[in-house]
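FYI, it's all coordinate maths here, none of it is from the lab. As the structure is a prediction and not an experimental result, all values here were calculated from the model. Don't worry about glycine lacking a Cβ; one is built from the backbone with ideal geometry, like all the others, and counts go over all protein chains shown.
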Amino acid sequence: MARRLKSVEILGVRVDDVTLAEALELAAGWLRADGPRLVVTPNAEFVMRARWDLAFRKVLNGADLAIPDGFGLVWASRVLGNPIREQVPGTDFAEGLVRLAGNRYRVFFLGAGPGVAAAAASRLKAKYPGLQLAGAYPGSPHPEADAEVLRVLEAARPIDILLVAYGAPKQEFWLRRNLGRVGAKIGVGVGGAFDFFSGRVPRAPAWLRRAGFDWAFRLAVQPWRWRRQLALPAFALRVLWHRLAGHRAPDWPFPGKGE
């Protein structure tokens, strides 16, 4: 992709205005060049955490590509007058990378619970028979485990695409610390994508995802996530405040966590 990416700032977090096709075209170019490149997948929960977690915000804003994973970001961009064209779900982007890899580039699946990464890799291998698997390993996102995880990755080289499923912000911090030491050309945090790929958690129907209600389906399937979903109304209120307040008014009159 020769053109410069347009970016939108949403409550202090950079989000790139790319379509899924454009994001994968950009990734294809990176696979033909020297790495590493870090991809992040912001959604409303990411943005709300980045409001007070400045280290997380720094990683997000310093990434090579920040795809608009959550529909809430598309909505917010429209409310704030600088619209993003489409939602780019991180799961769709990750599977697109697997298709892109084909029989030429090697993919490693890191993270999730015991056996989940291996199951995800196995099912994707069955779906895309030419897929070159570099390996699958749960590992740990904690810094004290980095040496062990890196030994596993070193033994699996070459690795072209590294998918990391530790959940935010652990996966982003892990990638920021270690991506340059792995030798991979592209690293991306994929959250719960391995659960979907492995078949352990059903994904919302496509029509529901297009309508922006995949979060509601996931909450119904995994009700324990309700605490995390509390970020959504808080995010919406902050976006509306920024829209109404404009640039000359105070930021937000009610402090949140860490603010």
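Points worth noting:
- Built amide H within the under 5 Å cut-off of Ala165, gap 5+: Leu110, Gly111, Ala112, Val190
- Principal semi-axes in Å for region 1-52 [√(5λ), Cα gyration tensor, largest first]: 24, 13, 9
- The phi-based Karplus calculation (6.51 cos²θ - 1.76 cosθ + 1.60; θ = phi - 60°) puts the 3J(HN,Hα) values of region 101-118 at 4, x, 9, 10, 10, 9, 10, 10, 10, 10, x, 6, x, x, x, 6, 4, 5 Hz, whole numbers, x for Gly and Pro.
- Between amide H atoms placed 1.01 Å from N, distances below 5 Å from Arg106 occur with Asp160, Ile161, all of them 5 or more places distant or on a separate chain.
- Residue order, fewest to most beta carbons within 10 Å, for Ser77, Ser140: Ser140, Ser77
- With neighbour counts taken as other beta-carbon atoms within 10 Å, the residues Thr19, Thr91 rank, fewest first, as Thr19, Thr91.
- Computed on the Cα atoms alone, the convex hull of region 1-142 gives a volume of 122 cubic angstrom per residue.
- Counting other Cβ atoms within 10 Å as a rough exposure proxy, the listed residues Glu86, Glu9, Glu95 run Glu9, Glu86, Glu95 from fewest neighbours to most.
- In order along region 146-161, the phi-based Karplus estimate (6.51 cos²θ - 1.76 cosθ + 1.60, θ = phi - 60°) of 3J(HN,Hα) comes to 4, 4, 5, 5, 5, 5, 5, 5, 4, 5, 8, 4, x, 10, 9, 10 Hz; Gly and Pro are listed as x.
- Amide hydrogen neighbours beyond the local backbone of Arg51, cut-off 5 Å, H modeled: none
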